[in-house]
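This report refers to the structure that appears directly beneath it.
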Amino acid sequence: MARRDSSARIVALDYDGTILPRTRDYLNSHGATNTAICRADAKHLSFGASTFDLVLCLYGLHHCRGYLEALREIARVLKLDGTFALVDPVRKPGKPPGGHNGTEIPTSHELQEMLGQTGFRSMSLRASMGRAKAVVRKVAS
């Protein structure tokens with residue numbers, strides 16, 4: 001993103017503050033200068049409504065206890081017609097719902113339903129090899 005548009009503002013966040021210094025180093029080494037790093041809970045983001053054009057979440061939501069709540073919060077901070085891109089594990093249908101350490105891992109069907117419930121329209125949703133890759137747009141509720 002930083003290479004394509006040097007004016008893009010990038011905000012990286014993680015619940016685990018120990019990863020954030022490595023995140024800053026990574027962004028700096030890739031020329032991302034307009035960045036902010038913050039520790040945050042995905043279910044309680046400290047950003048105003050309709051702040052972001054794009055939210056990218058790589059293997060993060062299944063760590064939230066409250067997957068649906070995190071999706072609602074992402075929808076809140078995303079601008080109308082903004083893009084949400086997600087890569088996260090999914091479980092096979094018929095397999096018990098629990099993930100490791102009490103986390104939630106939905107089936108691809110459950111994920112698709114939750115995305116719809118939280119105001120997203122699917123542009124692309126693919127599930128294979130135990131993970132979902134989704135690109136969705138926020139639509140008017």
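The values are calculated or read from the model by the stated rules, or taken from the named source; none is laboratory data. The model shown is predicted, which means the values in this text are computed figures rather than measured ones. Don't worry about glycine lacking a Cβ; one is built from the backbone with ideal geometry, like all the others, and counts go over all protein chains shown.
One table, with the values for the structure above:
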quantity: Which listed residue, of Ser6, Ser50, is among the hydroxyl-bearing types (Ser, Thr, Tyr), assigned to a loop (DSSP other than H, G, I, E, B) and closer than 30 Å to Gln112 by Cβ; calculated: Ser50
quantity: Unmet criterion (only one of (1) in contact (Cβ under 8 Å) with a residue 40 or more places away in the chain; (2) in contact with a strand residue (DSSP E or B) (Cβ under 6 Å, 6 or more places away or on another chain); (3) surrounded by fewer than 12 Cβ atoms within 10 Å (Cβ to Cβ)) for Ala134; calculated: (3)
quantity: Region 25-41 residues that are without any contact (Cβ under 8 Å) to a residue 40 or more places away in the chain, paired with ones that are of a type in the set (Phe, Trp, Tyr) and in a loop (DSSP other than H, G, I, E, B) (beta carbon under 9 Å, 6 or more apart); calculated: Arg39/Tyr15; Ala40/Tyr15; Ala40/Phe47; Asp41/Tyr15
quantity: Considering residues of region 98-123 that are modelled with pLDDT of 90 or more and touching a strand residue (DSSP E or B) at 6+ places or on another chain (Cβ under 7 Å) only, the residue surrounded by the most Cβ atoms within 10 Å (Cβ to Cβ); calculated: Phe120
quantity: Filter result for Lys79 (exposed (fewer than 11 other Cβ atoms within 10 Å of the Cβ) and either touching a Gly at 6+ places or on another chain (Cβ under 7 Å) or among the basic types (Lys, Arg) (or both)); calculated: no
quantity: Restricting region 4-26 to residues that are at pLDDT below 90 and more than 22 Å from Leu78 (Cα to Cα), the residue that is nearest to the chain's Cα centre (by Cα); calculated: Asp16
quantity: Answer residue from region 25-46, given it is surrounded by 15 or more Cβ atoms within 10 Å (Cβ to Cβ) and not small (Gly, Ala, Ser) and is nearest to Glu110 (Cα to Cα) among those; calculated: Lys43
quantity: Qualifying positions in region 62-83 - under 18 Å from Ala132 (Cα atoms), β-branched (Val, Ile, Thr) and in a helix (DSSP H, G or I); calculated: Ile74
quantity: Some residue of region 55-73 being at pLDDT 90 or above, among the basic types (Lys, Arg), under 13 Å from the mean Cα position of the chain (by Cα) and surrounded by 17 or more Cβ atoms within 10 Å (Cβ to Cβ); calculated: no
quantity: Those residues of region 2-18 which are β-branched (Val, Ile, Thr) and exposed (fewer than 15 other Cβ atoms within 10 Å of the Cβ), in sequence order; calculated: Thr18
